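The values are calculated or read from the model by the stated rules, or taken from the named source; none is laboratory data. Please read these numbers as outputs of a predicted model, since none were measured by experiment. Please note: Cβ atoms are built from the backbone with ideal geometry, for glycine as well, and neighbour counts cover all protein chains shown.
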């Protein structure tokens, strides 16, 4: 193709895996974590699923510091919550901007996908060796090997959920996958993507015609849209009804408390994630029939409150101590308080 310039050859997936291997015990832990997530989605485990962590998995050392705190907190609430660490190494952009450490591990240097792949794999391996389940968004599906087998939960994002390649990918993986409603906020389109991901598909892959089995643990994630929020009681009831009307297996809903669900009057307020969670939990208490469908939350959280604009920073001015360089996040103190509150409230609801 004349409009493409070849820069350099990349390491193979096998070379990336060999550079940062995992032992069999860690793979067994991943399998157990995936089983626990499936059991929550199916109703066999009555805990809530919480996918939480930084908007972007950068920088490396701050991620490890966050993970240590995350592990201790996770152990405190394990009776009522299953915490999965958000490790988003690839970032979709509405127009342009930094696409995450998997393609540019140093935001102030030229993109380097080879170095980015090693960064992403090595970070994920270290977190798993700590005993943590991790999650990522499936943005680039064609080079997923080396990463997908490390994940206990996967998201198909709002910009990808109508894309056929992503729906086929979700249909073929054995990991629970959250299908977000699109940026329009349409719940119906979100449900359509769940149906598509649960359906067996025929596709071309790596020079072969393949058939996917369908993913019975594909589920709906409500994240709001350009028309406003969609986590209120009416939205939960409408989502439940649409999942049931379409015969979706393991009908489950997660609430992304960030993104357009914490946007008011065109402004995103990351602290409103707390209010989103509280309202949903209150609705689960007064409408207990929803407890069979609403299975958890997504939250954006890092060591420090807020964010910084990577486009206006330099290597000398960037905060490397856990302040998000993409979307604003709850700082650790607010995060810990919120998770403990969720656990206590959900214990009461279950009784």
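It is to be established whether one or more residues within the stretch 220-236 are within 27 Å of residue 171 (Cα to Cα), surrounded by 20 or more Cβ atoms within 10 Å (Cβ to Cβ) and out of contact with any strand residue (DSSP E or B) (no Cβ under 9 Å at 6 or more places or on another chain).
Scanning the stretch 220-236, I find at least one residue that is within 27 Å of residue 171 (Cα to Cα), surrounded by 20 or more Cβ atoms within 10 Å (Cβ to Cβ) and out of contact with any strand residue (DSSP E or B) (no Cβ under 9 Å at 6 or more places or on another chain), so the answer is yes.
This table checks each residue for (1) in a loop (DSSP other than H, G, I, E, B); (2) at pLDDT 95 or above; (3) under 21 Å from residue 335 (Cα atoms).
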position	(1), (2), (3)
8	yes, no, no
11	yes, no, no
15	no, yes, no
26	no, yes, no
34	no, yes, no
51	no, yes, yes
63	no, yes, yes
74	no, yes, yes
96	yes, no, no
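Tell me which residues, restricted to the stretch 218-241, are in a loop (DSSP other than H, G, I, E, B), at pLDDT 95 or above and out of contact with any helix residue (DSSP H, G or I) (no Cβ under 6 Å at 6 or more places or on another chain).
230, 232
Which condition does residue 90 not pass, out of (1) under 18 Å from residue 312 (Cα atoms); (2) touching a helix residue (DSSP H, G or I) at 6+ places or on another chain (Cβ under 9 Å), if it passes all the others?
(1)
Which of the residues spanning the stretch 113-158 are closer than 17 Å to residue 174 by Cβ, in a loop (DSSP other than H, G, I, E, B) and either touching a residue at least 60 places away in the same chain (Cβ under 8 Å) or under 12 Å from the mean Cα position of the chain (by Cα) (or both)?
Answer for the stretch 113-158, where residues must be closer than 17 Å to residue 174 by Cβ, in a loop (DSSP other than H, G, I, E, B) and either touching a residue at least 60 places away in the same chain (Cβ under 8 Å) or under 12 Å from the mean Cα position of the chain (by Cα) (or both): 133, 138, 145, 146, 151, 152.
Answer yes or no as to whether residue 214 is farther than 26 Å from residue 338 by Cα, over 17 Å from the mean Cα position of the chain (by Cα), without any contact (Cβ under 8 Å) to a residue 40 or more places away in the chain and not in a strand (DSSP E or B).
In short, no.
So, in the stretch 282-299, how many residues would count as being touching a strand residue (DSSP E or B) at 6+ places or on another chain (Cβ under 9 Å), part of a helix (DSSP H, G or I) and in contact (Cβ under 8 Å) with a residue 60 or more places away in the chain?
Looking only at that region, the number is 1.
Looking only at the stretch 182-206, which residues are touching a helix residue (DSSP H, G or I) at 6+ places or on another chain (Cβ under 6 Å) and outside any helix (DSSP H, G or I)?
Of everything in the stretch 182-206, those that are touching a helix residue (DSSP H, G or I) at 6+ places or on another chain (Cβ under 6 Å) and outside any helix (DSSP H, G or I) turn out to be 182, 201, 203.
Name every residue in the stretch 300-330 that is within 14 Å of residue 274 (Cα to Cα), within 19 Å of the chain's Cα centre (by Cα) and part of a loop (DSSP other than H, G, I, E, B), in order of residue number.
Selection gives 328 alone.
Does residue 41 count as under 29 Å from residue 325 (Cα atoms), in contact with a strand residue (DSSP E or B) (Cβ under 9 Å, 6 or more places away or on another chain), surrounded by 15 or more Cβ atoms within 10 Å (Cβ to Cβ) and at pLDDT 95 or above?
So residue 41 does not fit the description; no.
Residue-wise test of (1) at pLDDT below 95; (2) within 18 Å of residue 167 (Cα to Cα); (3) surrounded by 24 or more Cβ atoms within 10 Å (Cβ to Cβ).
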site: 188; (1), (2), (3): no, yes, no
site: 201; (1), (2), (3): no, yes, no
site: 204; (1), (2), (3): yes, yes, no
site: 216; (1), (2), (3): no, yes, no
site: 243; (1), (2), (3): no, yes, no
site: 248; (1), (2), (3): no, yes, no
site: 262; (1), (2), (3): no, no, yes
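Sort through 35, 25 and tell me the only one that's exposed (fewer than 15 other Cβ atoms within 10 Å of the Cβ), farther than 23 Å from residue 258 by Cβ and under 18 Å from the mean Cα position of the chain (by Cα).
Matching residue, one of 35, 25: 35.
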